[in-house]
Amino acid sequence: MSTISTTAQKFAIRLRFERTKRRLSQEKLAELAGIGKSTYTQIEAQTSSPTLDTVEKIAKALGFEPYELLIFKNLEI
C-alpha cells in the first residue's frame, strides 16, 4: 500500500460521499468520468492519488468544478 497525502485521503472521502449521495456505483462513476474502474477504485480506496486531469474528469461527471471537490470543510479523516 502506497502512502498518499492527507489531501488525497480527504479527496477520496469526499468522492465516496458525493458518489453514494447520488447512488452511483464506483463502476458507473468511472464510466461517466471516462476513467478506468480500477483507477477510480484505487483513488477511493486511498491507495493512489489522482492526477489533475482525473480530478477534472470526476468533478465534471459529478457536476462540480474541480476546485469544489477540494473543499474539505467539516471533513475529518
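Across the options SER25, THR51, TYR40, the greatest Cα extent toward the positive end of the charge dipole of the chain (unit charges at beta carbon of Lys, Arg, Asp, Glu) belongs to SER25.
The GluC sites (Glu not before Pro) of the range 37-77 that meet both conditions, a loop assignment by DSSP and at most 14 other Cβ atoms within 10 Å of the site Cβ, are GLU76. 3J(HN,Hα) couplings calculated from phi for the range 3-19 with the Karplus curve 6.51 cos²θ - 1.76 cosθ + 1.60 (θ = phi - 60°) are, in sequence order, 8, 10, 6, 4, 4, 5, 5, 5, 4, 4, 5, 4, 4, 4, 4, 5, 5 Hz; Gly and Pro show x. Put a dot 7 Å past the Cα of GLN9, heading toward its Cβ, do the same for LYS37, and the two dots end up 2.9 nm apart. Net length available on complete extension from LYS73 to ARG22 is 16.4 nm, with 0.36 nm assigned per residue and the Cα-Cα distance removed.
Using the rule -39500 (n - 2.57) for each DSSP H run of four or more residues, divided by the residues of the chain, the 222 nm mean residue ellipticity is -17000 deg cm²/dmol.
No value in this document is a laboratory result; all are computed from the given coordinates. Please read all numbers here as calculations on a predicted model, not as lab measurements. In this analysis, Cβ positions are derived from the backbone assuming ideal geometry, glycine residues included, and neighbour counts consider all displayed protein chains.
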